[in-house]
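The values are calculated or read from the model by the stated rules, or taken from the named source; none is laboratory data. No experiment lies behind these values; they were computed from the predicted model shown. Because the Cβ atoms are built from the backbone with ideal geometry, glycine has one as well, and the counts that use them run over all protein chains shown. Heads up: the accessible areas ignore ligands, DNA and RNA and are worked out on the full protein's heavy atoms, side chains in. Shrake-Rupley method; radii C 1.70, N 1.55, O 1.52, S 1.80 Å.
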Amino acid sequence: MASLRELKKDINNVLGDIIEAVYVWEYQNTDKDTKSSEAIIDEAIATFDALIVKVNDKSVANRKAHLKAVSNELEETGKALIEKVNNL
């Protein structure tokens, strides 16, 4: 595990890149309905909020294991969101 700052940057960068990819898709496909793409953006924002709350939670017993779990959750959620973007 690197640092707390790096984890927060990773969360921001991964989810920001996913949102950016959705915006690019919307720009390239102006003739298609954007309800599904907007749902992906909403899910990415909700995931960001939830992960930041978990990172800032200082009441956990084993902080290192907790942050590792947050990192793993980011990876799994990121992959799922990328899959949804690819299926648009």
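Observations
- Accessible area per residue in Å² at 1.4 Å probe, computed on the chain: 67 Å²
- Charge dipole of the chain about the Cα centre (unit charges at C-beta), most positive-ward option of ALA61, TRP25, SER3: ALA61
- Kirkwood hydrodynamic radius over Cα pairs of the chain, then Stokes diffusion coefficient at 25 °C and 0.890 mPa s, in µm²/s: 178 µm²/s
- Close amide-amide hydrogen proximity is noted between THR34 and no other residue 5 or more places distant or on a separate chain, at a cut-off under 5 Å (H modeled in the peptide plane; Pro and chain starts excluded).
- Using a probe radius of 1.4 angstrom, the carbon and sulfur fraction of the accessible surface of the chain is 51%.
- Net dipole in debye of segment 31-81 [+1 Lys, Arg Cβ; -1 Asp, Glu Cβ; about Cα centre; nearest 20]: 480 debye
- Calculated [θ] (222 nm, deg cm²/dmol) that DSSP helices of n ≥ 4 give over the chain, each run adding -39,500 (n - 2.57): -28500 deg cm²/dmol
- Under the span-like rule (Cα at least 27 Å along the axis, Kyte-Doolittle mean at least -0.5), DSSP H helices of the chain: 4-28, 35-56
- Partners for LYS35 among lysines (Cα-Cα distance below 26 Å; same-chain residues under 8 apart left out): LYS79, LYS84
- Sum of side-chain charges, LYS32 neighbourhood, beta-carbon under 13 Å (Lys, Arg +1; Asp, Glu -1): -3
- Relative contact order [Cα under 8 Å, 6+ residues apart], the chain, whole percent: 44 percent
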